[in-house]
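The values are calculated or read from the model by the stated rules, or taken from the named source; none is laboratory data. Since we're looking at a predicted model, the values are computed, not measured. Neighbour counts are summed over all protein chains in view; Cβ atoms, including those assigned to glycine, are modelled from backbone coordinates with ideal geometry. Just so you know, the surface numbers come from the protein's heavy atoms only, side chains and all, with ligands and any DNA or RNA stripped out. Shrake-Rupley method; radii C 1.70, N 1.55, O 1.52, S 1.80 Å.
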Amino acid sequence: MTQRRKIAAGNWKMFGTSGDLPELVAIGQAAAGLSGIETVLGLPATLLTRATGNRVSLGGQDCHAAAQGAHTGDTSAGMLADAGADFVILGHSERRSDHGETDDQVAAKAQAAWAAGLTAIICIGETRAEYEEGRTLDVLRRQIAGSLPEGATAQNTVLAYEPVWAIGTGLTPTADEIQAVHAEVRAMLDAQLPEGATLSVLYGGSVKPGNAAEIFGLADVDGGLVGGASLKAADFVPIMEALAQA
Ligand code: 13P
């Protein structure tokens, strides 16, 4: 079986202006010295054109489902690609909660991303209440069925499992819980898509230098989607190194 892609992805969210670009340059320099992993930074759209030319792949954090049109304030996948992005994060829980994004909308955005030549990093994850009620796998099954269009391949799609309650909280599931969920998610992908077994599945939610090696050492974890700890090279580079060594 072919090796799944190992990806260290950062999500800068609504953080970062031009003064933060030296961090990205340092991350790119570290990435150049690591083999076997892809490093991606999901940037604010305003920074994309200024961040090109570094040894890190760039991503947007959302795109519109249409190629163009009268949609004030929105950004198309083609615009992200034109600005230097190869990836786009879609369906992040903050988009789902702040903007009411549905699985159907995420799937439509994924198709727009593919049409523009972008790899979609599609996010799924349960809330604290769903976790406590033991509904995690039901929620993930519904989100995978609804958010991943037919035609998802390892080349055009990466899945990110991010428990909502682990994002920005310093809390994470146990290693055993993460591995068990990833194994189930992998089985769902395999059942749903012809090439499902080859898709990379990232873990996100309070990944830090101190827990990255344990998380990336899990059999069904292919990398991370990292928020706060991706803003500084001093935090993100050790996370990239942990993935390269996993
Ligand atoms: P934190 O790493 O800050 O918990 O954020 C995770 C996340 O939402 C990445 O998309």
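The sole residue among Gly204, Gly228 that is closer than 22 Å to Gly28 by Cα and touching a Leu at 6+ places or on another chain (Cβ under 8 Å) is Gly204. Does Glu130 fit the bill of being within 13 Å of the chain's Cα centre (by Cα) and either open to solvent by 10 Å² or more (accessible area, probe 1.4 Å) or over 29 Å from Glu214 (Cα atoms) (or both)? No: the conditions fail for Glu130.
Out of Ala191, Ala212, Ala187, Ala180, one residue alone is on the phi < 0 side of the Ramachandran plot and under 18 Å from the mean Cα position of the chain (by Cα). It is Ala212. Contact map, the stretch 83-94: first residue open to solvent by less than 20 Å² (accessible area, probe 1.4 Å) and modelled with pLDDT under 95, second residue in a loop (DSSP other than H, G, I, E, B) and within 12 Å of the ligand (Cβ to nearest atom), Cβ cut-off under 8 Å, separation 6 or more or different chains; the map is empty.
Rundown of residues vs (1) closer than 19 Å to Glu130 by Cβ; (2) among the small types (Gly, Ala, Ser); (3) within 16 Å of the ligand (Cβ to nearest atom); (4) part of a loop (DSSP other than H, G, I, E, B), yes/no style:
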position	(1), (2), (3), (4)
Glu150	no, no, no, yes
Thr153	no, no, no, yes
Val158	no, no, yes, no
Thr169	yes, no, yes, yes
Ile178	yes, no, yes, no
Val181	yes, no, yes, no
Arg186	no, no, no, no
Asp190	no, no, no, no
Pro194	no, no, no, yes
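The set of residues in the stretch 20-72 being open to solvent by 50 Å² or more (accessible area, probe 1.4 Å) and β-branched (Val, Ile, Thr) consists of Val25, Thr46, Thr49, Thr52, Thr72. Quick one: would you say Val207 is β-branched (Val, Ile, Thr) and within 15 Å of the chain's Cα centre (by Cα)? So Val207 fits the description; yes. Going residue by residue through the stretch 220-241, is there one that turns out to be acidic (Asp, Glu) and assigned to a helix (DSSP H, G or I)? Taking every residue of the stretch 220-241 in turn, at least one turns out to be acidic (Asp, Glu) and assigned to a helix (DSSP H, G or I). When you scan the stretch 147-160, do you find a residue that is farther than 16 Å from Leu199 by Cβ, out of contact with any Cys (no Cβ under 6 Å at 6 or more places or on another chain) and open to solvent by less than 70 Å² (accessible area, probe 1.4 Å), even just one? The answer is no, given that none of the residues of the stretch 147-160 is farther than 16 Å from Leu199 by Cβ, out of contact with any Cys (no Cβ under 6 Å at 6 or more places or on another chain) and open to solvent by less than 70 Å² (accessible area, probe 1.4 Å).
Listed by first and then second residue, the pairs with beta-carbon distance under 6 Å, at least 6 apart or on different chains, first residue in the stretch 7-19 and of a type in the set (Asp, Glu) and open to solvent by 40 Å² or more (accessible area, probe 1.4 Å), second more than 13 Å from the ligand (Cβ to nearest atom) and assigned to a loop (DSSP other than H, G, I, E, B), form an empty list. Being without any contact (Cβ under 8 Å) to a residue 12 or more places away in the chain, closer than 20 Å to Glu38 by Cα and surrounded by fewer than 17 Cβ atoms within 10 Å (Cβ to Cβ) holds for only one residue in Ala197, Ala191, Ala234, and it is Ala234.
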